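Beneath this line is the structure, given in structure tokens, with notes to follow.
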Amino acid sequence: MDTQQHLSSVHTHEEAHHGHTHASVSHHAGGHHLLQVENLCVGFQMYETLPQQSSPAKGIACKEKQTKRFGFFSRTTTRQTMQWVIDHLSLSVHTGEILAVVGASGSGKTLLADAIMGLYDTNTCVEGVIYYDGVKQDASSLTALRGSEIAFVPQSVKSLDPLMKIGKQIGGDPARRAELFERYSLSTDVEGLYPFELSGGMARRVLLCTALMGNPRLIIADEPTPGLDLELAVQAMKDFRTFADEGKGVLLITHDIELALRVADRVAVFKDGTVVEETAVANFAAPHLLNHPFSRALWHALPEHDFSFEGEL
Amino acid sequence: MASLVARNIVKFIVLMFAVSVVTFVLVGISPIDPVQANVGQSAYASMSEDQRADLARYWGTGTPLFERYINWASAFIQGDMGTSLRFNAPVSEVLVNRSFNTLALMALAWVLSGIFGLAMGIVAGIKQGTLIDRIIKGYCFVLASTPTFWLALIVLMVFAVWLGWFPIGFSAPIGKSAADITIFDLLHHIILPALTLSVVGVANVALHTREKTIDIMESDYIRFAQARGMSRLQAARKHGLRNLALPAISLQFASISEIFGGSVLVEQVFSYPGLGQAAVNAGVGSDVALLVGITLVSAAIVFGGNLIANILYRVIDPRIKRRGDAL
Ligand SMILES: Nc1ncnc2c1ncn2[C@@H]1O[C@H](COP(=O)(O)OP(=O)(O)OP(=O)(O)O)[C@@H](O)[C@H]1O
Ligand SMILES: [Mg+2]
């Protein structure tokens with residue numbers, strides 16, 4: 001096994017290492033991160049008939065194939081190129097913390113979650129290194145982790161089987177289910193309903209319950225709050241907090257920087273397919289604590305800072 | 001529920017009316033002269049004017065189409081489907097004799113193509129892009145673009161003529177009295193046409209099932225099931241098949257009408273005495289009463305298939321079941 005050691009004596013909390021700074025709750029249990037993603041690249045195979053000048057693959061391409069096709073009237077060259085959506089992305093989730101990944105819509109956040117869980121289509125190319133609990137992972141070992149070690153809260157409320165009753169679909173221990181339903185103000189009748197009978201917010205609460213049902217050590221939540229009342233959103237965030245405090249980790253994916261600053265311990269700022277800055281929430285107190293211009297632009301865009309922003313978002 | 005039954009009865013009556021009108025109109029504008037078509041050139045040429053007039057009356061060529069329709073319809077409402085001039089027997093009798101053969105042929109072909117098509121479609125869809133998918137897809141494309149009658153001829157040549165495993169045609173051995181015909185005789189005669197018919201149906205069912213399976217396998221709920229720890233195959237079994245059931249039912253019942261269409265050609269090639277063959281005879285000979293009878297029976301069969309599909313939908317789909325009448 002390719003394990004990765006990380007001595008806690010190497011640095012203090014204030015020091016930056018692996019390109020990030022820590023929050024007070026961030027721990028290196030066992031001497032490593034709970035989840036560490038290094039130089040992750042995710043791309044899609046595309047077919048182009050244009051003559052290509054530059055390779056966009058930046059040296060880590062999947063095999064680039066060139067096939068010549070003879071048409072009736074002209075000879076065209078079809079080149080299979082990679083379109084990289086996530087490009088050399090690194091981030092780490094420590095035990096005890098909530099790491100928020102904040103980025104614009106379409107920036108590749110869902111793709112990041114899919115890559116960490118080893119869930120991708122055949123036209124997808126994934127490169128980079130992922131460590132879970134200090135152990136280097138590949139597609140098949142990630143498959144074994146999901147559902148048991150890693151729980152997922154999907155972004156889409158269509159993630160429930162339309163033809164299966166909620167109770168059966170959540171599965172697991174009925175007592176635990178009842179407890180979670182109670183906590184998220186879902187009546188017990190919901191167990192006997194089909195997804196089409198739920199509102200969007202109810203479906204989202206059901207999805208949260210499925211993640212909290214088992215006994216995972218890492219929760220990846222992809223935009224878990226849209227459609228929830230403030231009260232229920234707060235409840236969900238409290239549950240994530242409790243979960244993290246038990247010595248586990250949460251990767252909270254959101255486009256909502258305010259939410260991220262309120263509940264997370266650290267923020268990974270996601271832009272153009274990569275994490276430009278991974279820093280403690282405390283550093284969002286003043287712009288000079290932030291390193292990257294985009295992070296500072298985010299800071300300026302916050303409502304309490306007059307929404308003034310520099311540069312493009 | 002009562003309104004549901006009433007609605008379907010009304011639908012059925014409207015369908016029967018429309019089909020009968022269209023059949024009459026089509027026969028009316030057909031250029032075939034039924035007298036010449038049924039009597040034969042030389043016999044017709046040697047006839048006297050009186051005989052010709054008699055025949056014209058017998059075939060109803062002098063009567064306007066509208067009047068013929070009214071005559072036919074008023075008799076039909078009283079339970080009389082008329083007389084087949086071609087077979088010289090009551091239409092109802094011809095239909096009963098022929099329906100058994102055709103229904104047996106179609107049922108066998110339908111079940112075979114349904115089972116094989118569904119299985120092939122599911123396997124190809126789940127294994128999308130793999131070798132087995134490409135083999136199944138290739139096989140289906142070849143079959144789907146093969147003319148039914150041509151395939152029937154090839155099958156006939158290979159298995160009946162060269163290998164001699166099966167009879168060349170008909171539904172029972174020629175010259176054997178009806179009482180002596182065994183179930184094995186019937187099976188022996190039905191296998192080749194049924195196989196030909198099902199082979200054509202398989203391609204369609206398999207390709208459509210494959211598309212549906214791919215849609216389902218790419219859905220958010222299959223992805224989420226996998227995120228919760230299931231393998232692709234487990235997710236397909238637990239959530240995929242359940243969701244495939246509804247489109248599969250539509251597909252299977254929609255294929256009835258296609259198999260019916262195919263049976264006309266297959267019966268022709270295998271000289272199989274069923275409705276399809278009778279329909280060709282009736283059409284070519286302008287035997288309106290028989291043709292209308294056959295089209296009504298086929299429309300009723302297709303209508304029945306759709307009705308069963310709708311009822312199954314209501315039983316299976318909670319979205320319809322819980323919202324009440326939606327047929
Ligand atoms: N299978 C695919 N083939 C090609 N491009 C894809 C595929 N899946 C996603 N993309 C592209 O990758 C980009 C990132 O998509 P992703 O769903 O990860 O965005 P996101 O950050 O989650 O956005 P949102 O906040 O709206 O959910 C998008 O531009 C999308 O078009
Ligand atoms: Mg997303």
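The values are calculated or read from the model by the stated rules, or taken from the named source; none is laboratory data. Quick caveat: nothing in here was measured; it's all calculated off a predicted structure. Cβ: placed from backbone, ideal geometry, glycine included. Neighbour counts: every protein chain shown. Note: areas computed on protein heavy atoms with side chains; ligands, DNA, RNA excluded. Shrake-Rupley method; radii C 1.70, N 1.55, O 1.52, S 1.80 Å.
Quick notes
- Projected label distance in nm at A:GLU182 and A:LEU289, using a 7 Å step from Cα toward the beta-carbon: 3.9
- Using a Förster distance of 35 Å, the FRET efficiency for B:ARG322-A:LEU302 (Cβ separation, nearest 0.05): 0.15
- FRET efficiency for the A:TYR47 to A:SER199 pair, using the beta carbon distance and R₀ = 41 Å, is estimated at 0.50.
- Accessible area that becomes buried as B packs against A, both chains, 1.4 Å probe, Å², nearest 100: 2200
- Counting lysine pairs in chain B whose alpha carbons fall under 17 angstrom apart, excluding pairs fewer than 8 residues apart on the same chain, gives 5.
- Local net charge near B:ALA254, Cβ-Cβ under 14 Å (Lys/Arg +1, Asp/Glu -1): -1
- Each Lys or Arg adds one and each Asp or Glu takes one away; over the other residues whose Cβ falls under 15 Å from the Cβ of B:TYR272, this sums to -1.
- Selected from B:VAL14, B:VAL111, B:VAL284 as most flexible by GNM, with chain B as the system and alpha-carbon contacts under 10 Å: B:VAL14
- For A:PRO154, net neighbour charge (Lys/Arg +1, Asp/Glu -1) across residues whose Cβ lies under 15 Å away: +1
- For B:THR83, the residues 5 or more places off, or on other chains, whose built amide H falls under 5 Å of its own are B:VAL91.
- The phi torsions of segment A:165-175, fed into the Karplus equation with coefficients 6.51, -1.76 and 1.60 and a -60° offset, translate into couplings of 5, 4, x, 5, 6, 5, x, x, 6, x, 5 Hz, rounded to whole numbers, with Gly and Pro shown as x.
- One chain, two ends: B:LEU312 and B:PHE141. Fully extended at 0.36 nm per residue, the span grows by 58.6 nm beyond their Cα-Cα distance.
- Total charge dipole magnitude, segment B:180-317, about the Cα centre, Cβ charges on Lys, Arg, Asp, Glu only, Debye to nearest 20: 920
- Annotation: extensible slack from B:VAL14 through B:PHE184 equals 57.1 nm (criterion: 0.36 nm per residue apart, minus Cα-Cα distance).
- Put a dot 7 Å past the Cα of A:SER148, heading toward its Cβ, do the same for B:LYS238, and the two dots end up 1.4 nm apart.
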